[in-house]
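Here's the structure, in structure tokens; my notes come after.
The values are calculated or read from the model by the stated rules, or taken from the named source; none is laboratory data. Small disclaimer: the values here were computed from a predicted structure and weren't measured. All Cβ positions, even for glycine, are placed from backbone atoms using ideal geometry, and neighbour counts span all protein chains on display.
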Amino acid sequence: MAQNKLYDLWAKKPRNDDCETGLVKLTEHLQETANVAAWLYDNWLPENSRHQIQRITFVFIAFTHDLGKASPIFKHARVLQHPILIVG
């Protein structure tokens, strides 16, 4: 196993430059999105809307919104744009 595999599955580049690779892991992005969705459901979504969709469904949809980024086609296309991702 390579000592430092750079983000086999990743989502996007963060707004700040604190990240070593300049990328955010897909799993981190999905978890952050789920956390935001849960907060929005609890604190922002109108009560009549909460009656139309369960919290778990709302959070699940948010959590899975970028699963396509785990596909080989997406990964290949992004590696071409970011050659630093090619790790031996």
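In the stretch 37-70, how many are of a type in the set (V, I, T) and surrounded by 12 or more Cβ atoms within 10 Å (Cβ to Cβ)?
Residues meeting the conditions: 4.
Given the condition modelled with pLDDT under 60, out of contact with any Ser or Thr (no Cβ under 9 Å at 6 or more places or on another chain) and in a loop (DSSP other than H, G, I, E, B), answer yes or no: does some residue in the stretch 21-40 qualify?
yes
Do you know which residues across the stretch 50-59 are in a helix (DSSP H, G or I) and free of Cβ contacts under 8 Å to residues at least 24 places away in the same chain?
R50, R55, I56, T57, F58, listed by residue number.
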